[in-house]
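First the structure, in the form of C-alpha cells, and then the observations on it.
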Amino acid sequence: MRKLLLTLIFLPLLSVAQTVKSPDGNVVVNFSLSNGGVPTYEMNYKGKAVIKPSHLGLELAKIKHASKGLKETDLMNGFSISDTKTSTFDETWKPVWGETATIRNHYNELAVTLEQKSANRTILIRFRVYDDGMGLRYEFPQQKDLNYFVIKEEHTQFAMAGDHTAWWLPGDYDTQEYETVESKLSEIRGLMKSAITGNSSQTPFSPTGVQTSLQMKTDDGLYINIHEAACVDYPTMHLNLDDKTMVFDSWLTPDAQGTKGYIQTPFNTPWRTVIVSDDARDMLASNLILNLNEPCALDDTSWIHPVKYCGVWWEMIVGKSSWNYTNDYPSVRLGVTDFANSKPNGTHAANNDKVKRYIDFAAKNGLDEVLVEGWNIGWEDWADRSKLDVFDFVTPYPDFDIKMLNEYAKSKGVKIMMHHETSSSVTNYERHMENAYKLMNKYGYDAVKSGYVGDIIPRGEHHYSQLINNHYLYAVKEAAKHHIMVNAHEATRPTGLCRTYPNLVGNESARGTEYEAFGGSRPDHTVVLPFTRLQGGPMDYTPGIFETQLSSWSKNTSYVHTTLAGQLALYLVMYSPLQMAADLPEHYEKYDDAFQFIRDVAVDWDDSKYLEAEPGDYITVARKAKGTDNWFIGGKCDENGHKTSIKLDFLDEGKKYDCAIYADAKDADYEKNPKAYTITHKTVKKGDTLKLTEARGGGFAISLIAK
C-alpha cells in the first residue's frame, strides 16, 4: 500500500512545472510542457522576468527514412515527461592560462527526459543554473528510431520581457567583422541596411537576424547576454527576432545545400546560454561559458604558454609593404613557379633583413615571438579566386631563409610565429596540414596564426557551418599532437572550447585593429567587444598602435580611433593570453617611455577585478600578474570621455607599490591630439585612491610593481 501511495504522489508531479534555482537562489528556471506537449521554459532573476515562457525543439528535414520510407517527425511537440533528475555540482579547476588562477564551477542541474510516443523517440533537455545565468542543451540517446537525423532548423526561443537596448551585429554566415549597432530591439529592422553597408558581400538571412554573443540591457537595469557554449560538430547559432512579440528564435548556419545539421546519436547539442545580472561588471567576470565546456582533453599542457609578440604585419595592412614577392601574377603557380625569372617587387616585407630587425627588437624588449606574414609562396594571386591550391605552407620565398632566421631568433632567445593563410581552402589546408606542422616542429615554431580570408572551399560552404566548424577544431586537435598553439583568424566565434583545448590561445573572429587602416572603428568598439565577442574566449585584437595618424608614415589616410594611452589600456581591457605589439619598431622607439608599459604588462593572470563597466561606455579592470604581487590596471572609454576614481582596496596589506600611470594629457583627443599623454610615477599602498580623466576615445594604463 505504501509503495502504491508513493507512485500516485510522484506521477502527477511529472506533468507540472519543474523548477531549478541557482545556488544563491537568484536565478530561477521553470520547465513544463505546454498544450500539445511542447517543451517550454522560462527564467527569472531576483523576481524579474529574463526569459518569458519560450518553446524548445528541433524541426527535422523532410527526407525519406532510408529503412522505412517515412518522413521524419519533428522533435517539437507531442512529448510527455518520463523522468526528471536534479543534482548539484561544485568544483574548482585551474585553467592553463586565464584571467584568474582558479575558476569555480558551481551549479544546480535539472535533467528532463521526454518521450515522443507517436514516434517512439526519447530526448533529454538538460538545464544548468548558475548564480550568473543558465545553460540548456538537447541530448539524444542512441535509440532504434532516432539513430540518424538531419536538422532543418533548431527552434530554441528566447522571449524577451521588453523592448530592451541591444548591442548587435547583423546575421551573417561568413563574417563577424562589423561595428556593433546599439539600438532598441524594435529598431533592428530599420537599422539593418545601414549596419551591413561596406562590411559584407551577402545579405543577412533576415532583416531582424543578429549574431551572438548578444548583449542587452533592460529599462529596469538588468544586463542579459545570449550566446552558446561548446559548439562541437554543430553549426553556429544566430538569433532571428520577431520584433512584434520580442521573441528570438535560434537560426543555425546552413551548409551548401541549405541544411543545418547532420546528427548521429548519441549526441549533445551545444549549450544555449543566458547570462544575467544587475551589475555590468558581473557580465565581464562571468565564467559560465567556460564552465559549460568539457575539462581539458590534453594530458600534457606544459608546452602551452601565453605569448607577447610583435611582427611583420601592420605595414602590409596599412599598404606600405606587400605580402607578395613579385607582381608577375601570370607566372606564379604553386609548385611550378621559377622565381629566378620573376622580378621582385621591392616591397615584399617578409625578407631576411626586415625579419632580423624585428627579432632584434623583440629580444631587446622582452617579447616572446615574432609573427611573419607573407613568408611563403602563393601571395601573388590568392584571395577570392575560388582556387583549390594556393599555398603549400612549407615553401618560402627566395628572400626568406627559414633555417637561418630561426637559428638567428634562437640565438636571441626569441621564437618566430608561423603564419598559415588558407585562403579559405580548407580541403587544401587539411591536405598539407601534417607537413606544415612537421616543418614547424623542425624549426622550433610553437605557435601559428591561421587565416580564412575569402569564400570557403568546398564552394558554397559557410564559415560557420557544421562542416567548417569541424575543420577549425580538427586543426586545433592536430596542432596539439605537434605541441603547437593556434590563433585562428576569420574562424567561427569562440564558444569556450579553449578550456577543453587550451592550445587554442586566441581567435580574431571579430572586427580587429586592422580595420583602423580600412577607415577605422568607433571609439566605443573596444568597450562593447568584452561584453559580446569576448564572452566565448579571448581575441587577438592586435593593439598597441602609437602612430595613430597613418598618413604620417604611409599613403594611408585613415587614423586609429583612440588615443595612445587608450591603446595601452587595451592590453588589460581586451583580455587575451596572446597580445601583440602591433606597431612598427621605429614607432615604438620614438615613444620609448610609453612603450615601457607594453614591456612590463603581463599576459597571464592570478586574479582579475572589474572595477567599473557599462556596455559601450567604459570599462576599468585590474589584473594581478601570474605568480607575482604586481597589478596592472586598464581603463578605456568611448567618444564621450570618462572620469574615474580607483580605490586600491585590492592591493596586499602592508605592501608598497611603485606606481606608473600612463594617462591622456589634458588636451588629448582621439581625433585632434591622439598622442598627447603623461606618465606619472608615485608610491601607493592599499586603500589609496587614484583619480583619472580619460579623453574622448581615450584611456589609461597603470602598473603597480610590489617593492
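Given Cβ point charges of +1 (Lys, Arg) and -1 (Asp, Glu) and nothing else, what value in debye, to the nearest 20, does the dipole of segment 106-172 about its Cα centre take?
On the way: 7 positive and 10 negative charges, 83 e Å.
Roughly 400 debye, rounded to the nearest 20.
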- Note on the structure: Which of K449/K590; K609/K691; K354/K415; K656/K682 exceed 21 Å between C-alpha atoms? The answer is K449/K590
- With all protein chains present, the chain has a carbon and sulfur share of its accessible area (1.4 Å probe) in percent of 49 percent
- Message: Using +1 at the C-beta of Lys and Arg and -1 at the C-beta of Asp and Glu, which of A17, L584, S551 has the Cα lying farthest in the positive direction of the dipole of the chain?
- Response: A17
- Leading residue at positive end of dipole, the chain (Cβ point charges), from T265, G311, I619: T265
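What size of dipole, in debye to the nearest 20, comes out for the chain about its Cα centre when the only charges are +1 on Lys and Arg C-beta atoms and -1 on Asp and Glu C-beta atoms?
Values: 75 positive and 93 negative charges, 254 e Å.
With only Lys, Arg, Asp and Glu charged at Cβ, the dipole is about 1220 debye.
So for segment 355-441, what percent of the C-alpha to C-alpha distances run longer than 23 Å? Write out the running numbers ahead of the final one.
Numbers: 1086 of 3741 pairs.
Within segment 355-441, distances greater than 23 Å cover 29 percent of Cα pairs.
Tell me the Kirkwood radius of segment 79-174: reciprocal of the mean inverse pair distance over distinct alpha-carbon atoms, in Å. Please report the intermediate quantities before stating the final value.
Working: mean 1/r = 0.0581 Å⁻¹.
Result for segment 79-174, one decimal place: 17.2 Å.
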- Which value in deg cm²/dmol, rounded to the nearest 500, describes the helix-derived mean residue ellipticity at 222 nm for the chain, given -39,500 (n - 2.57) per DSSP H run of n ≥ 4 and division by the residue count? -5000 deg cm²/dmol
- Would you mind putting 561-568, 502-509 in packing order, based on average other-beta-carbon counts within 10 Å, highest first? 561-568, 502-509
- Item | Label corresponding to Rg and Dmax of the Cα atoms in Å when calculated from the structure given, among (i) 26.1, 96; (ii) 28.5, 87; (iii) 28.0, 92 | (i)
- Whole-angstrom Cα spans of segment 147-217 along principal axes, big to small: 43, 34, 18
- What chymotrypsin sites (Phe, Trp or Tyr not before Pro) in segment 288-332 are in a loop by DSSP, with at most 16 other Cβ atoms within 10 Å of the Cβ? W303
- Message: Tell me whether segment 423-507 comes out rounded, prolate or oblate; compute the Cα gyration tensor, take square roots of the eigenvalues as a ≥ b ≥ c, and use a/c under 1.5 as the rounded threshold.
- Response: oblate
- Query: Under a 1.4 Å probe, what is the accessible area of the chain per residue, stated in Å²?
  - Reply: 38 Å²
- With T = 10 °C, eta = 1.306 mPa s and Kirkwood Rh from C-alpha pairs, the Stokes-Einstein D of segment 432-565 in µm²/s is about 96 µm²/s
- Message: Explain nothing, just the number: relative contact order of the chain, from Cα pairs under 8 Å at least 6 residues apart, as a whole percent.
- Response: 11 percent
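Ordering K438, K636, K387 by accessible area with a probe of 1.4 Å, largest first, what comes out? The partial results should precede the final answer.
Numbers: K438 105, K636 0, K387 60 Å².
I get K438, K387, K636, largest accessible area first.
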- Message: Apply the a/c threshold of 1.5 to the C-alpha gyration tensor of segment 589-657 and tell me whether it is rounded, prolate or oblate.
- Response: oblate
- Candidate cut points under trypsin sites (Lys or Arg not before Pro) in segment 21-65, DSSP loop plus at most 15 other Cβ atoms within 10 Å of their own Cβ, are K46, K62
- Query: Ranked highest first by the average count of other Cβ atoms within 10 Å around their residues, in what order do 226-233, 677-684 fall?
  - Reply: 226-233, 677-684
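The values are calculated or read from the model by the stated rules, or taken from the named source; none is laboratory data. Note that this is a predicted model, so its numbers are computed, not measured. All Cβ positions, even for glycine, are placed from backbone atoms using ideal geometry, and neighbour counts span all protein chains on display. For accessibility, only protein heavy atoms count, side chains too; no ligands or nucleic acids. Shrake-Rupley method; radii C 1.70, N 1.55, O 1.52, S 1.80 Å.
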